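Student: Take this structure, written in C-alpha cells, and hold onto it; I'll ask about it next.
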Number of protein chains: 2
Amino acid sequence: MGCLVRLLLLAFLMPGLAIPVPPRPKALSNLHLSTSFTSRPSIVMKYSIQYIEQKIDHFGFNNEKTFKQRYLIADQHWRKEGGSILFYTGNEGDIIWFCNNTGFMWDVAEELKAMLVFAEHRYYGQSLPFGADTFQDPRHLNFLTSEQALADFAELIKHLKRTIPGAENQPFIAVGGSYGGMLAAWFRMKYPHMVAGALAASAPIWQFEDLVPCGVFMKIVTMDFKRTCPNCSENIRSSWGAINRFTRNSTDLDWLSKALHLCTPLKNAQDVQHLKDWISETWVNLAMVDYPYESSFLQHLPAWPIKVVCQYLKNSNLSDKELLQNIFHALNVYYNYSGQATCLNMSETSTSSLGSLGWSYQACTEMVMPFCTNGIDDMFEPYLWDLKTFSDDCFKQWGVKPRPSWITSMYGGKDISSHTNIIFSNGDLDPWSGGGVTRNITDTLVAIIIPEGAHHLDLRGNNAFDPMTVLLARSLEVKYMKQWIRDFYASVRKKD
Amino acid sequence: MGCLVRLLLLAFLMPGLAIPVPPRPKALSNLHLSTSFTSRPSIVMKYSIQYIEQKIDHFGFNNEKTFKQRYLIADQHWRKEGGSILFYTGNEGDIIWFCNNTGFMWDVAEELKAMLVFAEHRYYGQSLPFGADTFQDPRHLNFLTSEQALADFAELIKHLKRTIPGAENQPFIAVGGSYGGMLAAWFRMKYPHMVAGALAASAPIWQFEDLVPCGVFMKIVTMDFKRTCPNCSENIRSSWGAINRFTRNSTDLDWLSKALHLCTPLKNAQDVQHLKDWISETWVNLAMVDYPYESSFLQHLPAWPIKVVCQYLKNSNLSDKELLQNIFHALNVYYNYSGQATCLNMSETSTSSLGSLGWSYQACTEMVMPFCTNGIDDMFEPYLWDLKTFSDDCFKQWGVKPRPSWITSMYGGKDISSHTNIIFSNGDLDPWSGGGVTRNITDTLVAIIIPEGAHHLDLRGNNAFDPMTVLLARSLEVKYMKQWIRDFYASVRKKD
C-alpha cells in the first residue's frame with residue numbers, strides 16, 4: 001500500500017472516526033433525550049449537557065487559557081447512599097454518539113445506584129480548545145495528548161466532587177472502550193486516587209512498539225472472514241491481484257469503476273491505491289462491528305454482517321470479473337444496507353468526521369501503532385511497517401514527528417503488574433484484541449474474553465440476540481465493580 | 001512579614017537553595033573524585049559524569065528541541081549478577097553537591113551490589129534547557145515542572161537499561177530527600193514500571209493545600225529551639241519586638257546594624273523586614289541541619305548547632321540591647337563558624353545559588369506550600385497565609401499564577417493507599433516532617449521515624465556521632481530495599 005494513503009487509513013482504524021457526527025444542538029438546552037441506537041428503542045437515555053472550563057495546558061504555566069469541555073450527566077438511578085459514579089473516559093469522537101453507543105452503562109446504572117458521567121475528549125466533538133483554529137497547525141494541536149486528556153478527567157472528577165452534594169464520598173469507576181478503554185486503564189494507573197477501578201473494553205494498550213507482532217491485527221481480521229467461510233478470505237486475498245490486473249488501462253479502469261458502482265470513476269494509479277485502502281478499511285471495519293444483531297455503530301448493518309458479506313464471496317474459481325462484481329456486492333452490504341445509495345463513495349468513511357483529524361494527529365505523535373501484513377497469514381497485500389516513512393509522512397501532514405516509544409515509557413508497556421482494579425475485556429472477533437490484555441496479570445488486573453464478541457460488544461446495551469458469552473462478561477464486570485464499590489466504602493469506614 | 005519578601009523567603013525553605021554551587025568543571029573530563037563533606041574524609045566518591053539528550057517538552061510535540069541533562073554514575077560495587085541500581089531523583093540544585101551529601105547511597109552500595117546513579121533535575125546545576133536564557137521569562141521556564149522532571153528520569157532509566165549491559169534486568173530503586181524525596185515517591189507512584197520502590201527521605205508530600213495545618217512547619221522549628229532550652233525560643237520570640245523597637249529612627253538603625261555586624265547597614269523599613277526574614281530563615285535552616293556532628297550542608301556548622309546557638313540565648317529578662325547582641329552571637333554561629341567573616345551578609349543565603357531561581361518559580365507554580373505563623377504556637381511574628389497576595393506576588397515576579405490544588409490532583413494528596421513500595425522517612429527535629437508521611441499507610445507504604453533526626457539525616461553517610469535511631473532507620477531502609485530486590489528477581493524468574 002502507498003504509505004501516505006496507508007497513513008490516512010491508519011487514522012481510521014480506531015472506530016469512532018469514520019462515524020457520522022450527530023448534528024450539533026444549536027441552542028444549548030440543558031436536557032436531552034436520545035433513544036439508543038441498539039435494537040432496544042424502549043431504552044430512553046436522559047442526560048443533561050454540561051461544560052467545565054479546563055486549562056488548555058495542564059503541564060505548563062505559560063498558557064493560562066481555558067476551553068469548555070463538554071460532558072453529559074445522567075442521575076435517574078443515582079443514590080446518594082451507597083451509590084457510585086460511572087465515568088466514561090471519552091475517546092476520539094463526539095461524546096453524545098459514544099453515550100448513545102454505551103448502553104451497558106445505562107443498563108447497569110440501577111443495579112449500581114450509579115450516576116453516569118460521559119466526558120468528552122479534548123479536540124473532539126464540541127470540546128475544541130481553539131474553536132475553528134483547533135486543527136490549524138502544530139502549535140494549536142500541541143495540547144492534544146493522552147496525558148492532557150487524563151488531566152481533564154481528573155479535574156472534572158474533582159469538580160464533580162466539589163459541586164454535586166453526595167458525590168464527594170462516592171467511588172468513581174472509569175469505563176471506556178477502544179482508545180477510551182486505554183484511557184480508562186491508564187487513568188486508573190496514573191490517578192488511582194480518582195477512580196476505584198476501570199473497565200477497559202477492547203483497549204489495545206499493547207499495540208505499541210514490538211509489544212505484540214505488527215501483523216496480529218490484520219490476521220484477526222482475516223480470521224473473521226475465514227471462519228465464516230474459507231473461500232471468503234481467499235476471494236478477498238485474490239481480489240487485490242484482480243484489481244491490479246483490471247487497472248492497467250483506461251478501459252479497464254472504466255469497467256472497474258462501473259463494476260464497483262463508484263461515485264467517482266478511477267483515473268490513475270493513485271486512485272487505485274486509494275480504492276484498495278478503502279476496500280481494506282471496509283473489511284477492517286466489518287471485523288470490528290461484526291455484531292450479532294442489526295446495528296448502527298460505524299454504518300447501519302445487518303446482524304453478523306461478515307456472514308452477509310461472505311455470502312457474496314463463497315464461490316471458488318471465479319474469473320477476475322466475477323470476483324470483482326462479487327466484491328461490489330460485498331462492499332454494498334457495508335455501504336448500502338438501506339439500499340438507497342446509487343453509488344459507493346470512496347471518501348465516505350474518511351472525511352465525514354471531525355474526529356478523524358484529531359486521531360490522525362494522535363497517531364502521528366503518541367499513538368504510534370505499528371501495523372503490517374504479509375499476504376500469507378492475512379488476506380491483504382503485503383505491507384511492511386516502516387517507521388522512517390511513517391515519520392516522514394507525519395511530518396509532511398502535521399509538521400510533527402512521532403515518538404513511538406513514549407507511550408511505553410509513560411504507561412509501562414507490559415510491565416503493569418503493580419497496578420490494581422482494572423478489567424480488560426476483549427472479544428475474539430475484534431482485531432484490536434491482538435493488542436489487548438487477554439490474560440489475567442494479577443488477581444485485580446483481570447482479563448475477560450468474549451469468544452463471540454467484536455469491538456467492545458460488552459459496552460453495548462443488552463440485546464435479545466446477545467450471545468451468552470457477552471452476558472456472562474457483563475455480569476462478571478458488574479461483579480468486579482461491586483467489589484470495588486464495597487472495598488471503597490469499607491476503606492472509608494475504616495478511616496472514619 | 002512583608003509578603004513579597006516572605007515569598008522570596010519561601011523560595012529558600014527548601015534546602016539546597018541557599019547552597020554554594022560547586023565550581024563548574026570547564027573541561028568536561030569524564031572521571032571525578034570527590035571527598036564526602038561529612039566527617040569521613042576516608043570515603044572516596046568516584047563517579048563519572050554523563051549527559052543524556054532529553055526532550056525539553058515531553059508532553060507536547062510542537063517543540064522537538066532537546067537539552068543535555070547531567071547525571072553521575074558510580075559502579076565500583078555494582079554486580080551484574082543479582083545487583084541493583086540506586087537512582088537518586090535529583091532535586092533543586094547541583095547534582096554533584098547532592099551526590100556529595102548522600103553518603104547513605106555510597107555506604108550501602110556494596111551490600112546491595114548497587115550501581116549508583118545521580119540524575120540532575122532540569123533547570124538546576126548544569127542541566128539548563130536554554131543555557132543563559134533559561135530563567136529569562138515564563139516561556140523559557142514553561143518546562144520546569146515535576147512532571148517533566150519525572151519524565152526525564154523515566155527516559156534516563158530507559159536509556160541506561162538500553163546502553164549498560166546487565167542493567168536491563170535489574171531493579172532500579174528511587175532515592176531522594178526533601179523535594180527529591182517527593183520526586184522519588186511520586187516517581188514510584190507514576191512510573192512503578194521504572195522503579196521497584198522508593199526511599200522518600202524527609203519528603204513533605206502533604207505540605208499542600210490544607211492537607212496539614214499551615215503552622216506546623218514553624219511550630220516544629222520552634223520546638224527544636226524550645227527543647228534545647230525554653231528561654232531560647234522565648235528570646236527569639238521577644239527579639240522581633242526588640243528589633244521593631246530599635247528601628248524607629250536612624251540612630252537606632254545604626255546601632256542595630258552595628259550590633260548585628262551587618263555588612264550593609266539598615267536604611268529603611270524594607271531593610272528591616274528583610275532583616276527579620278533573613279533571621280527567620282536562619283532559625284529555619286538551623287532546624288533543618290541540626291545534625292549531631294560537625295557538617296557542611298547549608299553552612300559549615302558545629303555538631304548540634306541549635307545547642308550552640310541557644311547557649312547565647314539562654315538567659316531571661318534581658319534588655320532589648322542585650323537580647324539583640326545575643327541574637328548576633330547566635331546568628332554568628334550559623335554564618336561564621338569558621339570565625340573568618342568580618343561582617344554578616346544578609347544576602348548570603350539568598351542569591352548565591354542558581355537553584356534559588358528555579359525553586360522560586362516552582363514555588364510560584366506547582367509547589368504552592370502554605371505556611372503561616374501565629375506567634376503563639378511558634379516563636380515568629382504572626383503571618384497569615386494569603387493565597388491571593390501570594391499569587392499576585394508570583395505574577396509580579398514570574399508572570400505566572402500558582403495552581404495550588406494541582407499537585408493534589410496529580411499525586412493524590414492523602415489518598416495514596418493504592419501505591420506500593422515507598423518508604424517515607426522523617427526526623428522529628430525536621431520542620432518538614434510536619435508535611436510528611438509519619439504513619440504507615442499500608443504494609444508496603446511505610447513510615448520510619450528518626451526521633452533525633454533533622455532534615456534527611458538518614459541519607460547522610462555513616463558517622464561515629466550518629467544517634468542509634470538513625471542507624472536503625474538506615475538498616476530498616478536497607479531491609480525494605482532488599483525485599484524489593486528479592487521480589488523483583490522472584491517476579492523475573494516467574495516470567496521466565
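Student: Go through segment B:454-470 and give me each residue that's in contact (Cβ under 8 Å) with a residue 60 or more places away in the chain and within 19 Å of the chain's Cα centre (by Cα).
Tutor: If the condition is that a residue be in contact (Cβ under 8 Å) with a residue 60 or more places away in the chain and within 19 Å of the chain's Cα centre (by Cα), then B:Ala454, B:His455, B:His456, B:Leu457, B:Asp458, B:Leu459, B:Arg460, B:Gly461 are the ones that fit.
Student: Please determine, by comparing only the residues of segment A:45-89 that are in contact with a helix residue (DSSP H, G or I) (Cβ under 6 Å, 6 or more places away or on another chain) and assigned to a loop (DSSP other than H, G, I, E, B), which one is nearest to A:Gly461 (Cα to Cα).
Tutor: Looking at the filtered set, the residue picked out is A:His58.
Student: Next question. Can you tell me which residue is nearest to the other protein chains (Cβ to nearest Cβ) among those in segment B:58-103 that are of a type in the set (Gly, Ala, Ser) and within 25 Å of B:Pro204 (Cα to Cα)?
Tutor: Going through the qualifying residues, I end up with B:Gly90.
Student: When the residues of segment A:399-429 are narrowed to those that are in contact with a Pro (Cβ under 6 Å, 6 or more places away or on another chain) and farther than 27 Å from A:Leu357 by Cα, which ends up farthest from the other protein chains (Cβ to nearest Cβ)? So that I can check it myself, show each step before the final result.
Tutor: So in segment A:399-429, the residues in contact with a Pro (Cβ under 6 Å, 6 or more places away or on another chain) come out as A:399-400, A:418, A:428.
Filter once more, so that each one left must be farther than 27 Å from A:Leu357 by Cα: A:418, A:428.
Values: A:Ser418: 4, A:Asp428: 25 Å.
Step by step, filter segment A:399-429, then rank; the result is A:Asp428.
Student: I'd like to check something: does segment B:220-228 contain any residue that is within 27 Å of B:Glu452 (Cα to Cα), at pLDDT 95 or above and in contact with a Leu (Cβ under 7 Å, 6 or more places away or on another chain)?
Tutor: Yes, the conditions are met somewhere in segment B:220-228.
Student: Against the definition (of a type in the set (S, T, N, Q) and at pLDDT 95 or above), how does A:Gln311 come out, yes or no?
Tutor: yes
Student: Going by the conditions given, is B:Ala167 more than 16 Å from the chain's Cα centre (by Cα) and away from every other protein chain (no Cβ under 14 Å)? Lay out the reasoning, then the answer.
Tutor: Numbers: more than 16 Å from the chain's Cα centre (by Cα): yes; away from every other protein chain (no Cβ under 14 Å): yes.
Spelling it out, B:Ala167 is indeed more than 16 Å from the chain's Cα centre (by Cα) and away from every other protein chain (no Cβ under 14 Å).
Student: Considering segment A:435-458 alone, what residues qualify as being more than 18 Å from A:Ile422 (Cα to Cα) and of a type in the set (Gly, Ala, Ser)?
Tutor: Result: A:Gly453, A:Ala454.
Student: Now, a different point. Cβ-Cβ below 6 Å, separation at least six or inter-chain, first residue in segment B:129-141 and within 13 Å of chain A (Cβ to nearest Cβ) and more than 14 Å from B:Asn63 (Cβ to Cβ), second buried (at least 18 other Cβ atoms within 10 Å of the Cβ) and among the aliphatic types (A, V, I, L, M): which pairs?
Tutor: B:Pro138/B:Val400
Student: Any residue at all in segment B:285-304 that's surrounded by fewer than 21 Cβ atoms within 10 Å (Cβ to Cβ), at negative phi and part of a helix (DSSP H, G or I)?
Tutor: The answer is no, given that none of the residues of segment B:285-304 is surrounded by fewer than 21 Cβ atoms within 10 Å (Cβ to Cβ), at negative phi and part of a helix (DSSP H, G or I).
Student: Looking only at segment B:227-252, filter to residues that are farther than 14 Å from B:Leu313 by Cβ and in contact with a Phe, Trp or Tyr (Cβ under 8 Å, 6 or more places away or on another chain); which one of those is surrounded by the most Cβ atoms within 10 Å (Cβ to Cβ)?
Tutor: Once the filter is applied, the top-ranked residue is B:Phe246.
Student: Any residue at all in segment B:483-492 that is of a type outside the set (Phe, Trp, Tyr), at pLDDT below 95 and either surrounded by fewer than 24 Cβ atoms within 10 Å (Cβ to Cβ) or not in a loop (DSSP other than H, G, I, E, B) (or both)? Spell out how you get there, then give the answer.
Tutor: Going residue by residue through segment B:483-492, those that are of a type outside the set (Phe, Trp, Tyr) are B:483, B:485-487, B:490-492.
Narrowing further to those that are at pLDDT below 95: B:491-492.
Filter again for either surrounded by fewer than 24 Cβ atoms within 10 Å (Cβ to Cβ) or not in a loop (DSSP other than H, G, I, E, B) (or both), leaving B:491-492.
Yes, that holds for at least one residue.
Student: For segment A:458-496, name all the residues that are within 30 Å of B:Lys414 (Cα to Cα) and β-branched (Val, Ile, Thr).
Tutor: Those that are within 30 Å of B:Lys414 (Cα to Cα) and β-branched (Val, Ile, Thr): A:Val478, A:Ile485, A:Val492.
Student: Let me ask something additional. I'm trying to understand the selection: among the residues of segment A:419-455, which are out of contact with any strand residue (DSSP E or B) (no Cβ under 8 Å at 6 or more places or on another chain) and either within 16 Å of A:Phe187 (Cβ to Cβ) or not in a loop (DSSP other than H, G, I, E, B) (or both)?
Tutor: A:Pro431, A:Gly434, A:Gly435
Student: Being touching a helix residue (DSSP H, G or I) at 6+ places or on another chain (Cβ under 6 Å), within 30 Å of A:Asn101 (Cα to Cα) and not aliphatic (A, V, I, L, M) is the filter here, so list the residues in segment A:300-327 that pass it.
Tutor: The answer is A:Pro302, A:Pro305, A:Lys307, A:Cys310, A:Tyr312.
Student: Can you go through A:Asp210, A:Asp271, A:Asp224 and tell me which one is of a type in the set (Asp, Glu) and either under 16 Å from A:Gln325 (Cβ atoms) or buried (at least 20 other Cβ atoms within 10 Å of the Cβ) (or both)?
Tutor: The conditions single out A:Asp224.
Student: Looking at this structure, is A:Phe104 closer than 15 Å to A:Ala174 by Cβ, at pLDDT below 95 and not in a strand (DSSP E or B)?
Tutor: Criteria not met by A:Phe104.
Student: Within segment A:55-80, take every residue that is among the acidic types (Asp, Glu) and at pLDDT 95 or above and give me the one that is nearest to A:Glu477 (Cα to Cα).
Tutor: A:Asp75
Student: Would you be able to say whether some residue in segment A:98-117 is in contact with a Phe, Trp or Tyr (Cβ under 9 Å, 6 or more places away or on another chain) and closer than 25 Å to B:Asn62 by Cα? Explain how you work it out, then say what you get.
Tutor: The initial filter retains those residues of segment A:98-117 that are in contact with a Phe, Trp or Tyr (Cβ under 9 Å, 6 or more places away or on another chain), namely A:98-103, A:105, A:109, A:113-117.
Checking which are closer than 25 Å to B:Asn62 by Cα leaves us with none.
There is no residue in segment A:98-117 that is in contact with a Phe, Trp or Tyr (Cβ under 9 Å, 6 or more places away or on another chain) and closer than 25 Å to B:Asn62 by Cα.
Student: What number of residues within segment B:161-186 are among the aromatic types (Phe, Trp, Tyr) and farther than 18 Å from B:Gln207 by Cα?
Tutor: In the first step, residues of segment B:161-186 are kept if they are among the aromatic types (Phe, Trp, Tyr); the result is B:172, B:179, B:186.
Filter once more, keeping what is farther than 18 Å from B:Gln207 by Cα: B:172.
Going through segment B:161-186 one residue at a time, the tally reaches 1.
Student: Give the number of residues within segment A:433-454 that are under 19 Å from A:Gly176 (Cβ atoms) and among the charged types (D, E, K, R). If you could, list the steps in order and put the result at the bottom.
Tutor: Taking segment A:433-454 first, the residues under 19 Å from A:Gly176 (Cβ atoms) are A:433-438, A:441, A:444-450, A:453-454.
Filter again for among the charged types (D, E, K, R), leaving none.
Summing the residues that are under 19 Å from A:Gly176 (Cβ atoms) and among the charged types (D, E, K, R) in segment A:433-454 gives 0.
Student: Being in contact with an Asp or Glu (Cβ under 8 Å, 6 or more places away or on another chain) and without any contact (Cβ under 8 Å) to a residue 40 or more places away in the chain: is that true of A:Ile95 here?
Tutor: For A:Ile95, the condition - in contact with an Asp or Glu (Cβ under 8 Å, 6 or more places away or on another chain) and without any contact (Cβ under 8 Å) to a residue 40 or more places away in the chain - is met.
Student: On to the next question. Applying the selection to segment A:305-340, what residues are more than 29 Å from the chain's Cα centre (by Cα) and either outside any helix (DSSP H, G or I) or closer than 12 Å to A:Thr282 by Cα (or both)?
Tutor: Correct list: A:Lys314, A:Asn315, A:Ser316, A:Asn317, A:Leu318, A:Ser319.
Student: Still on this structure, I have one more. Please specify each residue of segment A:355-391 satisfying the condition of being under 24 Å from A:Tyr123 (Cβ atoms), modelled with pLDDT of 95 or more and away from chain B (no Cβ under 14 Å).
Tutor: Residues satisfying the conditions are A:Met369, A:Pro370, A:Phe371, A:Phe390.
Student: State all residues of segment A:381-413 that are under 29 Å from B:Ile157 (Cβ atoms) and assigned to a loop (DSSP other than H, G, I, E, B); if no residue qualifies, say none.
Tutor: Hits for segment A:381-413 are A:Trp385, A:Asp386, A:Val400, A:Lys401, A:Pro402, A:Arg403, A:Pro404, A:Ser405, A:Gly412, A:Gly413.
Student: Here's something else I'd like to know. May I ask you to list pairs of residues, at least six apart or on different chains, whose Cβ atoms are under 8 Å apart, with the first in segment B:158-172 being on the phi > 0 side of the Ramachandran plot and the second being in a loop (DSSP other than H, G, I, E, B)?
Tutor: Qualifying pairs under 8 Å: B:Gly166/B:Lys80; B:Gly166/B:Gly83.
Student: What is the one condition in (1) modelled with pLDDT under 95; (2) of a type in the set (S, T, N, Q); (3) in contact with a His (Cβ under 6 Å, 6 or more places away or on another chain) that A:Ser202 does not satisfy?
Tutor: Here A:Ser202 meets the rest and fails (1).
The values are calculated or read from the model by the stated rules, or taken from the named source; none is laboratory data. In this text, all values refer to a predicted model and were calculated from it rather than measured experimentally. With ideal geometry, Cβ positions are generated from the backbone for all residues, glycine too; neighbour counts draw on all protein chains shown.
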